[in-house]
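These notes concern the structure reproduced below.
The values are calculated or read from the model by the stated rules, or taken from the named source; none is laboratory data. These numbers come from a predicted model, not from an experiment. Here the Cβ is made from the backbone with ideal geometry for all residues, glycine too, and neighbour counts use every protein chain on show. Quick note on the areas: whole protein, heavy atoms, side chains included, nothing else; ligands and nucleic acids left out. Shrake-Rupley method; radii C 1.70, N 1.55, O 1.52, S 1.80 Å.
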Amino acid sequence: MTEQTTGVPRSVPAEAFRAAMACHAAGVAVVTTRDATGRPWGLTVTSFSSVSLEPPLVVACVARRAGGYRAFADCTRFVVSLLDEEQEEVAARFARSGADKFDPHEHDTATPGMPPAVPGALCRLDCRVHARHPAGDHLLLVGRVTEAHHREGTPLIHHRRTFHTLHSDPVRS
């Protein structure tokens with residue numbers, strides 16, 4: 001039977017979909033929050049995007065199997081740190097499950113009441129949760145940006161399951 005006769009769309013096998021999505025180059029971000037006890041949680045994401053300019057909204061996708069999933073599912077605030085090309089070690093540390101990710105002397109808590117951010121990141125976005133949407137094996141965490149700080153630099157990129165940096169001049173359009 002085909003999709004036309006059953007009305008049910010066929011699914012692409014997970015490995016084929018993963019391989020296809022590895023072709024998409026994406027910036028690397030660390031998303032952080034605190035749970036109800038104040039414990040910080042963080043993870044590396046490449047599924048991150050701006051959503052709206054007015055109001056300023058962003059979305060980060062959190063895997064349901066992520067160690068800090070429950071903290072993100074319940075949080076009211078989170079921080080997105082867009083990583084610099086020199087921060088591959090930070091990206092790898094926050095991508096590991098169960099790793100001790102936070103060093104109190106290493107993380108920026110410049111905004112009172114906000115979760116820690118990654119110091120030296122190209123950009124820090126302080127967010128209040130605007131919405132949450134279940135999406136397959138992920139949670140779409142939509143945040144309203146309350147503060148944005150950025151600096152000049154070159155982003156860390158993830159492509160074909162590996163971290164990369166940009167080594168050429170940008171193309172102007």
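Structure summary
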| quantity | calculated |
| --- | --- |
| Single residue of Pro56, Pro40, Pro119 found to be closer than 20 Å to Leu156 by Cα and open to solvent by 20 Å² or more (accessible area, probe 1.4 Å) | Pro119 |
| Lone qualifier among Val51, Val80 - being open to solvent by 80 Å² or more (accessible area, probe 1.4 Å), closer than 23 Å to Leu125 by Cα and at pLDDT 90 or above | Val51 |
| Strands (runs of 3 or more DSSP E) fully within the range 44-99 counting 2 or more residues that are of a type outside the set (Phe, Trp, Tyr) and touching a residue at least 24 places away in the same chain (Cβ under 8 Å) | 57-63, 77-82 |
| Any hit, the range 112-121, residues being within 16 Å of the chain's Cα centre (by Cα) and assigned to a strand (DSSP E or B) | yes |
| Residue check for Arg132: of a type in the set (Lys, Arg), open to solvent by 70 Å² or more (accessible area, probe 1.4 Å) and modelled with pLDDT of 95 or more | yes |
| Among residues of the range 1-41, those that are at positive phi and modelled with pLDDT of 75 or more, counted | 1 |
| Members of the range 88-106 that are out of contact with any strand residue (DSSP E or B) (no Cβ under 6 Å at 6 or more places or on another chain) and either open to solvent by 30 Å² or more (accessible area, probe 1.4 Å) or at pLDDT 95 or above (or both) | Glu89, Ala92, Arg96, Ser97, Gly98, Ala99, Asp100, Asp103, Pro104, His105, Glu106 |
| Restricting the range 10-33 to residues that are more than 30 Å from Val118 (Cβ to Cβ) and touching a helix residue (DSSP H, G or I) at 6+ places or on another chain (Cβ under 9 Å), the residue that is most open to solvent (accessible area, probe 1.4 Å) | Arg10 |
| So Leu166, is it modelled with pLDDT under 95, under 19 Å from Gly27 (Cβ atoms), open to solvent by 90 Å² or more (accessible area, probe 1.4 Å) and touching a strand residue (DSSP E or B) at 6+ places or on another chain (Cβ under 7 Å) | yes |
